[in-house]
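Worksheet for the structure shown next.
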Amino acid sequence: MLDQLEEVATQANAELQKASSAEELETWRVRYLGRKGQLTNLLRSLRDVPIEERKAAGARANQVRNTLEAGYTAKKEKLDSSTTVSIEGDKIDISLPGEPIQIGRFHPTTRAIKEICDIFISMGFQIAEGPEVEWEYYNFEALNMPAEHPARDAFATLWVDYHTPTGARPMLMRTHTSPVQIRSMEKIKPPVRIISPGRVFRYEATDATHEWMFSQVEGFAVDKNITMADLKGTLFEFARRLFGQDRKCRFRCDYFPFVEPGVEIAIDCFMCGGKGCRLCGNSGWIEILGAGMVHPEVLRGCGIDPDVYSGFAFGMGVERIPILRYGIDDIRLFYSNDLRFLKQFS
Amino acid sequence: MRVPLNWLKEYVDIDISNNELARKLTEAGLEVADIQIIGGSWDKVYVGRILAVEPHPNADRLKLATVDLGNRQWTVVCGAPNLAVNDKIAFALTGAKLIDGHTGKLEELKPAKIRGVYSEGMICSEKELGISDNHEGILVLPQDYEIGKPLTDYMGDAIFDIDITPNRADCLSMMGIAREIAALTGKPFRMPDLSYQESGKEVESLISVEIQAPDLCPRYCATVIEDVKLVPSPKWMQDRLTACGMRPIINIVDVTNYVMLEFGQPLHSFDYKQIRGQKIIVRRAADDETMYTLDGQERKFKHNNLLIADAERAVAVAGIMGGLASEVQEHTKTILLESASFSQAVIHRGALALKLGSEASSRYEKGLNPELTWYAAKRATQLMAKLGAGTVAKGIVDCYPGKPEKKPVSISERDVKRLLGFDLTLGEIERCLSALGLECEKAGAGAIYAYKPWWRNDINCTADLVEEVARVIGYDNIPESLLSSPLPTGEGSRLFNFRQQLREIMAAMGFQEIITYPLTSIEVLKKLSPEGELKGPAPLKLENFMSRDLEYLRNTIRAGVLSVLGRNQRNRDNNIRLFEINKAFIPRAKDLPKENEILCGLVDSVVPDNYWQSKPKPADFYYTKGVVQAVLAKCGIQADFVSGDDPSFNQACCADIMLGKTRIGVIGEVHPQVLANFDIAEKAYLFELDVERLFSVASKPLVYKAASKYPSVTRDIALLVDADVTYDNIQTALKKFSIVTEFRLFDLYKGKQVPAGKKSMGFRLTYQAADRTLKDDEVDGIQKQILALLSKEFGVTLRS
């Protein structure tokens, strides 16, 4: 009896393996598990087995039945799931091009501004914006650059044809985003943490490295006890988040009339790693930010007591970041709006 | 500024490497842009002596020179005009690296046959050695140089090219840089001895100075040198001037330039004979006063120009340029030397108005301490005497009406902690400031008074002192911390975020963002109307425009967007959809222009014309309107489209976008003539939306409405409508039935199946009540009312 059981089990298992369609599987089921199937017959004949053998044979017979039934179910599921796949005639050419759904893209300047601002927003800064056509007062005077100040020479200015009755010419296209510092501090009192992106304009002949319109992001934080260490920590953190955590930063003295002490921040060149190359002009460093502690005269002009409050301010060029990152060799590409250029920035 | 290290070593010892020195200077604000090593490639260049010069057998202009290097003699071919037997020269052996006189590049010297004669080396010019641009002849060395020694034993230098910020005019000088190095490296600064033998007459008997404008000229020092001998200055002086990029001219000119480079103080020399009345008067110009300047031009002045005059007439434009009449010439016997201080503003204004910039004026503009004048006058006089350029008068005339008050600036431990973020003791603060030459004295507990030294002009407040301390401590040593102050309150960044959302939805709909210039021309703005007229408010003009295309501030942004489409179509780009968010400038009386921020979109086609599965779909009004509606939906705004008359559009296909009575935008098919004006082929559709108006509505608070729990009923109806009844007419009527929660036009038909002058409109209406399940007969009843209303107002019938 047991031998017969083993024989049926081996044979049934082998045939189950081979069954490759629903029809074959059904034939198999009828042959072994059906009402007149081989295993069913064996089970039925158990009652003719001597009592001493019956217990062991019964147990084995049930075991075999369970195994075969489980095998049947599994095979059935497998065959069912594969039937939907391959109907020869319905197979499509999946290599044909998909619908050309057009994706729009942001201008690379927009992307860079967003990226810069997001970092500062995550540090508690808020966005403020100012006019592109400005009063001379906000662009220069209030920033500690009275008329005849030598630092004004660095800002070739586009003046608007607008004269006051006294002959003064006070309206211009802003040369930097720093006027927003003044406009903001006139309105809001500390604590302030402002980030201000925007376009700026210079009277400038254009070439591959000069453009008369470009973008800046200005930022400043004013409150009690804001120090140059805060400036350094905040802006180094920014530089590392923007250019990579393993960038080295350089912190050096520089001069801007509206800050004191003044600072310039550079990162080690990511092209050559600081050895000196064309990108960094052989210096190993890439200047990314001008900054400093807000000049006491600037604070005073905005009605903020410099003996109580202090703060830092910074400014950076925006186009410079995609220029460095993507190896763009001509700044004029940004605003000539050739789609062959713009479409590369997905 | 070019700074030769050898010159600096006269004032300070330097025992750190060039790179370390450059790093320290750069960190302290004096950015070293480049280091040029002179003699860095001279390892095969030696001192030689010319033994003989013979004609070249095959060339008239070339000579054969025999050069003695001590151990060996060499014969070379040389074409220099100044070959002289016995002269000591710089001799390069083959393999030496020299600058090619023609290409300017560093190249290795190879043995060569020149016109049949073998040449085994080269007698070098200054240019070939990289000392200067002089390639006229060979460099002749002093006789005391020993034959056979490497040239680097006597010559060679490192020239630092340093960018000086405009606040540090004192560092436009060797002494200024040397003082910085002394402070940064902890070495003492050596002030040169300025004493000299006075042998001439009392200077007061020769000249007097009167300053009539002490507000513009705080100090004027003058000396007189008689019996002037005009000869070239000595080689050491010429070498230093050359190394700094100045051309040596003649002794007295070279001395003034030398002292300017050394102290940073510009000097001017006059021909004393031409100074009438033995008197110098510093005064404002009379309006329309004229004078010929050194460059031979007649200049006309205004009252705000400052002149140097003698008893009768102007002789120089103060601080900017000398006068022709008083110029030092070959026959000049007596010189009047001026060392004066002028206000920054008067020089800046004058140089700008006269379009006359000079080395002197650019220094004055940055601000020089009046104390400098006396030292510079003394130094120049001393050098004149030392060089034997003439007999120097006794004393210096020193007219000093504008002596600044000695003002202390206070600094405390708290100031340093508060601005730099770390602790320094008062002793450490004092050490830093003293190293830079500031005098310090106690000012009560925890504070000191510091006085700026005579050569500095840029230390006027506590923050200035704090920067000086930080520079000496080293910016590198400032710690890093993050802001710990309270977070600001307030509106935050909502408009910026809103604008960003607009960009996102436009990009999601396949529009490419562009950014165009705010400046344009009247001609371009005129292209926006088919008649070629300027529409909208008269644009603001610039006073100093860069070109005629960039003369006016645009009063609309659409011209820029249309130009971009035209340009890109030329690049065979099809399926272009563009958008820009930018400002139009609307002039206002006595105020800055209103900066209207506009979202402008432009569509030329919707589906590209070369996809295998679908036909090209050109742009149309309804696609563009769909885009606008999507933007409005994103803002939570329902606007009305009302027939419009904006001249840039085809008048049959143009709408104003209205929010109640406020126009928030415009949409339409761009007028064919306007398209042609911008070189755009076929049709294009454009819309504009006012960003700030959208923002003000979009930012209104939203109120949640519960969805109805009861099922809705949908019914389709086909209406037969007069052709001139608009969708909006029907829509307005349907909106009166609040139980109709949604209606959609699914079919619009004109043609054979409907009578002439009629159209068929198929609507799917959705009925839903908030408080009950609608029964069929109730819906039937409402539908009857709807039809009755439509019939009454517009003669609409149900299409059977």
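The values are calculated or read from the model by the stated rules, or taken from the named source; none is laboratory data. Everything quoted here is computed from the prediction, not taken from an experiment. Methodologically, a virtual Cβ is constructed for each residue, glycine included, from the backbone with ideal geometry; neighbour enumeration extends over all protein chains shown.
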Filter result (β-branched (Val, Ile, Thr) and either under 29 Å from the mean Cα position of the chain (by Cα) or outside the structural domain of B:Glu597 (by TED's automatic domain parsing) (or both)) within region B:479-516: B:Thr489, B:Ile514, B:Ile515, B:Thr516
In region B:737-776, which residue that is of a type outside the set (A, V, I, L, M) and in contact with a helix residue (DSSP H, G or I) (Cβ under 7 Å, 6 or more places away or on another chain) is nearest to B:Tyr710 (Cα to Cα)? B:Tyr767
Qualifying position, being at the interface with another protein chain (Cβ under 7 Å from one of its Cβ atoms) and either within 21 Å of the chain's Cα centre (by Cα) or surrounded by fewer than 16 Cβ atoms within 10 Å (Cβ to Cβ) (or both), among A:Ile119, A:Ile127, A:Ile113: A:Ile127
Given the conditions (1) of a type in the set (A, V, I, L, M, F, W, C); (2) modelled with pLDDT of 95 or more; (3) in a loop (DSSP other than H, G, I, E, B), which single one is not true for B:Ala445? (2)
Quick check on my filter: what residues within region B:576-594 are at pLDDT 95 or above and crowded, with 19+ Cβ neighbours inside 10 Å? B:Leu578, B:Phe579, B:Glu580, B:Ile581, B:Asn582, B:Lys583, B:Ala584, B:Phe585, B:Leu592, B:Pro593
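Of the residues B:Lys752, B:Lys792, B:Lys709, which is part of a helix (DSSP H, G or I) and more than 60 Å from the chain's Cα centre (by Cα)?
B:Lys792
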Could we say that B:Pro537 is within 33 Å of the chain's Cα centre (by Cα), of a type outside the set (S, T, N, Q), within 9 Å of chain A (Cβ to nearest Cβ) and in a loop (DSSP other than H, G, I, E, B) here? no
Picked from region B:571-605 (must be within 28 Å of A:Trp159 (Cβ to Cβ) and in contact with a Ser or Thr (Cβ under 7 Å, 6 or more places away or on another chain)), the residue farthest from the other protein chains (Cβ to nearest Cβ) is B:Ala584
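Pick from region B:15-45 the residues that are among the small types (Gly, Ala, Ser) and over 30 Å from the mean Cα position of the chain (by Cα): which of them is nearest to A:Ala266 (Cα to Cα)?
Result: B:Ser17.
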Give the number of residues within region A:233-259 that are of a type in the set (S, T, N, Q), surrounded by 23 or more Cβ atoms within 10 Å (Cβ to Cβ) and assigned to a loop (DSSP other than H, G, I, E, B). 0
Looking at region A:134-154, is at least one residue within 11 Å of chain B (Cβ to nearest Cβ), in a helix (DSSP H, G or I) and farther than 20 Å from A:Val294 by Cα? yes
If a residue must be surrounded by fewer than 21 Cβ atoms within 10 Å (Cβ to Cβ), polar (S, T, N, Q) and out of contact with any strand residue (DSSP E or B) (no Cβ under 6 Å at 6 or more places or on another chain), how many such residues does region B:189-238 contain? 4
Residue, surrounded by the most Cβ atoms within 10 Å (Cβ to Cβ), within region B:652-692, restricted to residues that are closer than 21 Å to B:Lys617 by Cα and among the β-branched types (Val, Ile, Thr): B:Val670
Could you tell me whether any residue of region B:756-771 is closer than 19 Å to B:Ile786 by Cα and of a type in the set (Val, Ile, Thr)? yes
Are any residues in region A:188-211 facing chain B (nearest Cβ under 7 Å) and buried (at least 21 other Cβ atoms within 10 Å of the Cβ), and if so, which ones? A:Val192, A:Arg193
Determine, yes or no, whether A:Leu289 is assigned to a strand (DSSP E or B), within 14 Å of chain B (Cβ to nearest Cβ) and at pLDDT 95 or above. yes
Subset of region B:259-289, residues basic (Lys, Arg) and either crowded, with 19+ Cβ neighbours inside 10 Å or within 41 Å of the chain's Cα centre (by Cα) (or both), comes to B:Arg283, B:Arg284
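Go through region A:1-100 and tell me which helices (runs of 4 or more DSSP H), entirely inside it, have 2 or more residues that are free of Cβ contacts under 8 Å to residues at least 24 places away in the same chain and exposed (fewer than 10 other Cβ atoms within 10 Å of the Cβ).
Output list reads A:2-18, A:51-83.
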Condition broken by B:Met191, with the remaining ones in (1) touching a helix residue (DSSP H, G or I) at 6+ places or on another chain (Cβ under 6 Å); (2) of a type outside the set (D, E, K, R); (3) not assigned by TED's automatic domain parsing to the domain that holds B:Phe270 satisfied: (1)
Which fully enclosed strands (runs of 3 or more DSSP E) of region B:200-300 have 1 or more residues being within 14 Å of B:Ser339 (Cα to Cα)? B:208-211, B:219-226, B:268-271, B:279-284
Kindly indicate the residue of region B:375-421 that is modelled with pLDDT of 95 or more and among the hydroxyl-bearing types (Ser, Thr, Tyr) and also surrounded by the most Cβ atoms within 10 Å (Cβ to Cβ) among those meeting that condition. B:Thr381
If a residue must be surrounded by fewer than 18 Cβ atoms within 10 Å (Cβ to Cβ) and part of a loop (DSSP other than H, G, I, E, B), how many such residues does region B:42-64 contain? 3
Kindly list the number of the only condition in (1) within 11 Å of another protein chain (Cβ to nearest Cβ); (2) of a type outside the set (Val, Ile, Thr); (3) surrounded by 14 or more Cβ atoms within 10 Å (Cβ to Cβ) that fails for B:Leu424. (1)
Given A:Gly262, A:Gly219, which one is within 10 Å of chain B (Cβ to nearest Cβ), under 21 Å from A:Met145 (Cα atoms), surrounded by 21 or more Cβ atoms within 10 Å (Cβ to Cβ) and touching a helix residue (DSSP H, G or I) at 6+ places or on another chain (Cβ under 8 Å)? A:Gly262
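For region B:544-566, which residues satisfy the criterion of being under 21 Å from the mean Cα position of the chain (by Cα) and over 17 Å from A:Tyr335 (Cα atoms)?
B:Asn544, B:Phe545, B:Glu551
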When the residues of region B:460-493 are narrowed to those that are among the charged types (D, E, K, R) and over 19 Å from A:Pro306 (Cβ atoms), which ends up nearest to the other protein chains (Cβ to nearest Cβ)? B:Glu480
It is to be established whether one or more residues within region B:634-651 are within 14 Å of another protein chain (Cβ to nearest Cβ), at pLDDT below 95 and surrounded by fewer than 16 Cβ atoms within 10 Å (Cβ to Cβ). no
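Rundown of residues vs (1) assigned by TED's automatic domain parsing to the domain that holds B:Ser341; (2) small (Gly, Ala, Ser), yes/no style:
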{"position": "B:Ala389", "(1), (2)": "yes, yes"}
{"position": "B:Ala393", "(1), (2)": "yes, yes"}
{"position": "B:Glu413", "(1), (2)": "no, no"}
{"position": "B:Gly427", "(1), (2)": "no, yes"}
{"position": "B:Ala447", "(1), (2)": "no, yes"}
